[in-house]
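Notes follow once the structure below has been shown.
The values are calculated or read from the model by the stated rules, or taken from the named source; none is laboratory data. Remember, it's a predicted structure, so these values are computed and weren't measured experimentally. Positions of Cβ are backbone-derived with ideal geometry, glycine not excepted, and every protein chain shown enters the neighbour counts.
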Amino acid sequence: MPRPSRKQAILEALAHQLEQHPGDRITTAALARAVGVSEAALYRHFPSKARMFEGLIGFAEETVFARINQILADEKNTQVRVARVIYLLLGFADRNPGITRILLGDALVGERERLHERVQQFFERIDLQLRQILREAQLRQDASLRATPEAAAALLTAFVEGRMQQFLRSRFALASLSAWEADWAVISHGLFDPV
């Protein structure tokens, strides 16, 4: 297996540090020690810590939205699409606790507003994707919603953020997917009319 690039190694170390030290700020000195390089070497790859955070946000965006596109290509049933997208998001959080801290803003305290805006855009894209899936259900007539696509998507996005917050608050002990079967039963019953 090829060795990750130095840039990739820095991002992986940052994500690991964020996971191992929940609630703490990560210093560039600690990050440099974790990677095994000098702080100057870190800055040769990333001009600032904010750029490192942006790198992890970019990784989250690329990973999540590529997988959502795959789900949409593979699956046509609306309820299954929604379930798989929500499961994907919660599973991504569970597998990437350090990145979850960034997406929820926990690791961004005191950081530039631009980072907070990027995170907001991430969740806005999730909401938009869910709205689109739910609007298409009306065209395909494979599911009947008990709410507007906008209201349903907002609720689903809030649910995802809430489960991710519980995961963070538990210091990563309570997985976002820990009650998935029960959660989905309640969500699907509340959002979709029986077919």
Exercise for the section: Please verify whether region 175-184 includes one or more residues that are of a type in the set (Asp, Glu), at pLDDT below 95 and more than 17 Å from the chain's Cα centre (by Cα). Expected result: no
Practice task
State the number of residues belonging to region 24-65 that are free of Cβ contacts under 8 Å to residues at least 12 places away in the same chain, within 25 Å of GLU113 (Cα to Cα) and in a loop (DSSP other than H, G, I, E, B).
Solution key: 4
Problem - All positions within region 156-180 that are under 18 Å from VAL80 (Cβ atoms) and part of a helix (DSSP H, G or I) - result: LEU156, PHE159, VAL160, TRP180
Practice task
Could you list all residues from region 95-112 that are crowded, with 18+ Cβ neighbours inside 10 Å and either modelled with pLDDT of 95 or more or aliphatic (A, V, I, L, M) (or both)?
Solution key: ILE99, ILE102, LEU103, LEU104, ALA107, LEU108
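How about region 184-193: which of its residues are in a helix (DSSP H, G or I) and either surrounded by fewer than 18 Cβ atoms within 10 Å (Cβ to Cβ) or free of Cβ contacts under 8 Å to residues at least 12 places away in the same chain (or both)? Steps first, please.
Taking region 184-193 and keeping what is in a helix (DSSP H, G or I), we get 184-191.
TRP184, ALA185, VAL186, SER188, HIS189, GLY190, listed by residue number.
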Handout entry: Selection status of ILE68, in contact (Cβ under 8 Å) with a residue 24 or more places away in the chain, within 30 Å of ASP193 (Cα to Cα) and part of a helix (DSSP H, G or I)
Key = yes
